[in-house]
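The values are calculated or read from the model by the stated rules, or taken from the named source; none is laboratory data. If you're wondering where the values come from, they're calculated on a predicted model, not measured in any experiment. Heads up, the Cβs are rebuilt from the backbone with ideal geometry, glycines too, and the neighbour counts pull from every protein chain shown.
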Amino acid sequence: MIRIRGPDQARRISDPDVRRLVEERFAQVCNGEPYDSDVHGEMVVVEPSDTLQSLEGESGVPIASNPFDDTHFPDPDFVPVCEYLEEHSHCYEMMFLFSDDGAGINFFIPRQGIDADVLALCARFSVRAPELAQS
């Protein structure tokens, strides 16, 4: 998992489509303000070696578990607690908010070469992003 803490670190992302989306999200959340991790959160790019368990462990975010009812993916009753999970043409985007100010963590999951369980969760619960819904 690649943690991106600030717009300047987005250049660490090798995939140009994912990098553009991360840069766009930073521009939206910062809205012209200098980046502050406590206010604007962070972005994470999922890597091939990441699993649902390792992502939860490293980020501290309940990606494949629901703390409200104790269900876990792939349980048929499981529902993710993320703010949204969108399908883009080149990746999935999963957002978790931690405060009313908008601080949170945004995961970008490439659609190729990623752990099958991570992709299965995304495919099951994602909605098409606006750019795909219009096509």
Tally, over region 37-59, of residues that are at pLDDT 95 or above and assigned to a loop (DSSP other than H, G, I, E, B): 6
Residue count, region 103-121 (criterion: within 12 Å of the chain's Cα centre (by Cα) and either within 17 Å of Glu23 (Cα to Cα) or assigned to a loop (DSSP other than H, G, I, E, B) (or both)): 7
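Here is a yes/no grid of residues against (1) loosely packed, with under 14 Cβ neighbours inside 10 Å; (2) without any contact (Cβ under 8 Å) to a residue 24 or more places away in the chain; (3) not hydroxyl-bearing (Ser, Thr, Tyr):
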residue	(1), (2), (3)
Gly6	no, no, yes
Asp38	yes, no, yes
Ser59	no, no, no
Asp75	yes, yes, yes
Glu86	no, no, yes
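Looking at the structure I just gave you, is Pro48 surrounded by fewer than 18 Cβ atoms within 10 Å (Cβ to Cβ), touching a residue at least 60 places away in the same chain (Cβ under 8 Å) and more than 19 Å from Leu97 (Cα to Cα)? So that I can check it myself, show each step before the final result.
Working: surrounded by fewer than 18 Cβ atoms within 10 Å (Cβ to Cβ): yes; touching a residue at least 60 places away in the same chain (Cβ under 8 Å): yes; more than 19 Å from Leu97 (Cα to Cα): yes.
Considered against the rule, which asks whether it is surrounded by fewer than 18 Cβ atoms within 10 Å (Cβ to Cβ), touching a residue at least 60 places away in the same chain (Cβ under 8 Å) and more than 19 Å from Leu97 (Cα to Cα), Pro48 comes out as yes.
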Selection from region 61-73 of residues that are crowded, with 16+ Cβ neighbours inside 10 Å and either within 12 Å of the chain's Cα centre (by Cα) or not hydroxyl-bearing (Ser, Thr, Tyr) (or both): Val61, Ile63, Ala64, Asn66, Phe73
Count - residues of region 66-102 that are more than 23 Å from Asn31 (Cβ to Cβ) and assigned to a loop (DSSP other than H, G, I, E, B): 15
Scan of region 66-111 for residues that are modelled with pLDDT of 95 or more and of a type in the set (S, T, N, Q), ordered by number: Asn66, Thr71, Asn106
Among (1) under 19 Å from Glu87 (Cβ atoms); (2) modelled with pLDDT under 95; (3) surrounded by 12 or more Cβ atoms within 10 Å (Cβ to Cβ); (4) not hydrophobic (A, V, I, L, M, F, W, C) - the single one Gln28 does not satisfy: (3)
